[in-house]
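Contents: one structure, followed by commentary.
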Amino acid sequence: MGAERVMFPGSLRRAVVLSFVLQVAAIGILHAYRMRTADNHFGFGWEMGCIGKALASGRGFSDPYCVPSGPSAWEPPVYPFLIGGVFRIFGIYSYVSAWILLTINSLFSALTCIPIYRIAEKTMGSRVAHWSVWTWALLPTVWYWSIHWVWDTTISPFILCLIFLTALSLEDWDGLKGWSLFGILWGVEALMYPGMLLFLPCCGLWVWHRRHRRGMKSLAGVVLSAVLFLLCLTPWLVRNSITFGKLVFIRDDFAQQLRLGNGPDADGLQMSYLQPNLSSEARRRFSEMGELAYVEVQKREAYKFIRENPGRFALISAKRFVYYWAGIPHPGDGILVDLPRRSIFLGSSLLAIWGLICAVRRKRPGACLFALLLMSYPSVYYFVYANARYRHPIEPELLILAVYAICSAETGRSAGSEISERRPA
């Protein structure tokens, strides 16, 4: 069986166009292109922006905190190279560059409607697909990441949706084209957002299992997919090996992230004040020691805390689990702002989990793949620190599940009403 011909309804095309137009309009109306200039423009892309500045200035992939610190693997390469290219053409930290980058983000955010529709249609039905697309297209919390953040936050969900859709389609595809696409998409995602790699083995095993149950051969496809995945990564891994004299896998800042969540003052939140952009002492050490030596110190400090405080680490990790799904507390915002915001965040999580439970119980197609995604990808953040940004890459899948939960409840109520009406008085 080959890949099925894809037909999209007019409402989907309208949703994509309207979402994109509204987001671009919001960039102008809210003056989102006017990035804050404090801390040497650090808020314009943060570490990725600094690396993009270094690339545009001819210093190569370096200086993630905008101070001379030498070659870097602090961030995955794709998005910093995009920033660097835009900076080179339209100016470093210019309004035009901000417009271009935020518009690209908005475009990918709007295009995510397409795989959302196909995923929802294949797994939950056309009604869920319709409402999922329009919710994604018009939801302001979705726009927030695309019109305010110069980061990969809106491109990564798009690629993940394509991976998810490809995995669902591989149940039916014969031949090697689907496997080729699967490997290439995972390679691009790894170079864009390597945190998603926790889902890779789960996704691959799910595809193999589903095909095996249908008597379909997968060995050649798995090998081809793995080769293409490694080919995508090889140039960057070779660059890192030559640059640092040792193997560095995609990025090298995990120990820093682990330290920002674990230490004597840890309480489940990110200790951002320890970052080199906010701590002059950390910035000095980072610049003088170099990236790999600095990371090694951070790793020793984090591991030392975890070894010496296993009980506290477990308690803090439990808090991080709650924060990931219920929202990060911001006491400075006041209870009238913080409580409603976190309630909405928690409510959306509970709806998605309810939808997942319903989908699994009713044996909806792909229900177990949704479950594997929700169990695998977020797990690292329970041990590092939680952030709303870290939930956004799986927001499309969560949205589909939440819409399915609502539609299932509506269907149940309608069925119940019909049964009541049929009963004799």
Just give me the residues in the range 266-297 being in a helix (DSSP H, G or I) and of a type in the set (S, T, N, Q), in sequence order.
S272, S280, S287
Complete set of residues in the range 378-393 that are under 11 Å from the mean Cα position of the chain (by Cα) and buried (at least 23 other Cβ atoms within 10 Å of the Cβ):
P393
Do any residues in the range 236-247 that are under 14 Å from G60 (Cα atoms) have Cβ atoms under 7 Å from those of residues that are of a type outside the set (A, V, I, L, M, F, W, C), where the two are at least six apart or on different chains, and which pairs are they?
W236/P77; T243/P71
Which ranges mark the helices (runs of 4 or more DSSP H) fully within the range 145-261 that have 2 or more residues being among the small types (G, A, S) and farther than 25 Å from P77 by Cβ?
219-244
Could you tell me how many of the residues in the range 50-80 are closer than 21 Å to A282 by Cα, aliphatic (A, V, I, L, M) and surrounded by fewer than 22 Cβ atoms within 10 Å (Cβ to Cβ)?
1
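Might you check whether a residue that is assigned to a helix (DSSP H, G or I) and in contact with a Ser or Thr (Cβ under 9 Å, 6 or more places away or on another chain) occurs anywhere in the range 327-344? Give the steps one after another, and end with the answer.
At the first step, the residues of the range 327-344 found to be assigned to a helix (DSSP H, G or I) are 331-333, 335-344.
Keeping just the survivors that are in contact with a Ser or Thr (Cβ under 9 Å, 6 or more places away or on another chain) gives 344.
Scanning the range 327-344 turns up at least one residue that is assigned to a helix (DSSP H, G or I) and in contact with a Ser or Thr (Cβ under 9 Å, 6 or more places away or on another chain).
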Is it true that some residue in the range 102-123 is touching a Gly at 6+ places or on another chain (Cβ under 8 Å) and outside any helix (DSSP H, G or I)?
no
F20 - would you say it is in a helix (DSSP H, G or I), touching a Phe, Trp or Tyr at 6+ places or on another chain (Cβ under 7 Å) and either under 21 Å from W134 (Cα atoms) or of a type in the set (D, E) (or both)?
no
Looking at the range 273-296, is at least one residue modelled with pLDDT of 95 or more, surrounded by 18 or more Cβ atoms within 10 Å (Cβ to Cβ) and over 18 Å from Y65 (Cβ atoms)?
no
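The values are calculated or read from the model by the stated rules, or taken from the named source; none is laboratory data. If you're wondering where the values come from, they're calculated on a predicted model, not measured in any experiment. Positions of Cβ are generated from backbone atoms using ideal geometry, with glycine treated the same way; all protein chains shown enter the neighbour counts.
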